[in-house]
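Scroll down for the structure; my scribbles are underneath it.
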Amino acid sequence: MMKKIGFVALIALIVFAVFAMSMRRSHMMGGAGAQQDLVAVSADGGQISLEELASISAELPKNTAVQQSGEMIVSLSLNPYPPSAGQPSQFDVALTDLNGNPIDDASISLDLTMPSMWMPPNQPDMQFVSDGKYSTTAPFTMRGGWRIEVIITRGDQKQSVFFDVGL
Ligand SMILES: [Cu+2]
């Protein structure tokens, strides 16, 4: 009797170990489970409250996320959406003040990283287009979870906002 219970416990342990390993592998490989909509996050990837932006963020298309940074509202759009690995993605940033007036005097660059691993630097500069809009193209070089840092410089002030997307 004791022998049988021991055997069942051993099988259960093995099943659990295999399950845990496969979960870990699918996470590391950036498998289908890594797909995640574009969202605004804090610097460490945590959720941020968009309460004050509720009126804006409620109407956003799926390829766009928005957040506030100091006196600025930063919106990021990705095209195509969802993005695919290895193909160039277009990044569009729209920058306004808290009243919705476009901010044209910023210089913006991006830092594309993967929180789960080291990746070669992928830091394109954005070009100013018009009316608070800035644009650039860059590839997501592999599938998985990406963090997009939007680095905004105005005069001697530098601010970053962050967005996550999984592909
Ligand atoms: Cu990677």
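The values are calculated or read from the model by the stated rules, or taken from the named source; none is laboratory data. The shown structure was predicted, so the numbers you read here are calculated from the model rather than taken from an experiment. Positions of Cβ are generated from backbone atoms using ideal geometry, with glycine treated the same way; all protein chains shown enter the neighbour counts.
When segment 117-152 is filtered for residues that are of a type in the set (D, E, K, R), within 17 Å of the chain's Cα centre (by Cα) and in a loop (DSSP other than H, G, I, E, B), only ARG143 remains. Is it the case that PHE163 is more than 15 Å from the ligand (Cβ to nearest atom), closer than 24 Å to SER49 by Cα and part of a strand (DSSP E or B)? Criteria met by PHE163. Scoring GLY86 on the criteria (1) assigned to a strand (DSSP E or B); (2) within 15 Å of the ligand (Cβ to nearest atom); (3) at pLDDT below 95 leaves a single failure, condition (1). For segment 95-110, the set of residues classified as in contact (Cβ under 8 Å) with a residue 40 or more places away in the chain and part of a strand (DSSP E or B) consists of LEU95, SER107, ILE108, SER109, LEU110, listed by residue number.
Put simply, of LEU60, LEU53, LEU95 the only residue that is over 15 Å from LEU167 (Cα atoms) and in contact with a Phe, Trp or Tyr (Cβ under 9 Å, 6 or more places away or on another chain) is LEU95. Determine if segment 40-47 includes at least one residue that is part of a strand (DSSP E or B) and modelled with pLDDT under 90. Yes, segment 40-47 contains a residue that is part of a strand (DSSP E or B) and modelled with pLDDT under 90. Here VAL93 meets the list (1) in contact with a Ser or Thr (Cβ under 9 Å, 6 or more places away or on another chain); (2) more than 16 Å from the ligand (Cβ to nearest atom); (3) farther than 18 Å from LEU50 by Cβ almost entirely, failing just condition (3).
Determine which member of the set SER116, SER107, SER55, SER130 is surrounded by 14 or more Cβ atoms within 10 Å (Cβ to Cβ) and away from the ligand (no atom under 16 Å from the Cβ).
Numbers: SER116 fails: away from the ligand (no atom under 16 Å from the Cβ); SER55 fails: surrounded by 14 or more Cβ atoms within 10 Å (Cβ to Cβ); SER130 fails: surrounded by 14 or more Cβ atoms within 10 Å (Cβ to Cβ).
Just one listed residue meets the conditions, SER107.
The residue pairs whose first member lies in segment 137-156 and is closer than 12 Å to SER84 by Cβ, whose second member is more than 16 Å from the ligand (Cβ to nearest atom) and assigned to a strand (DSSP E or B), and whose beta carbons are closer than 7 Å, counting only pairs six or more residues apart or on different chains, are PRO139/PRO88.
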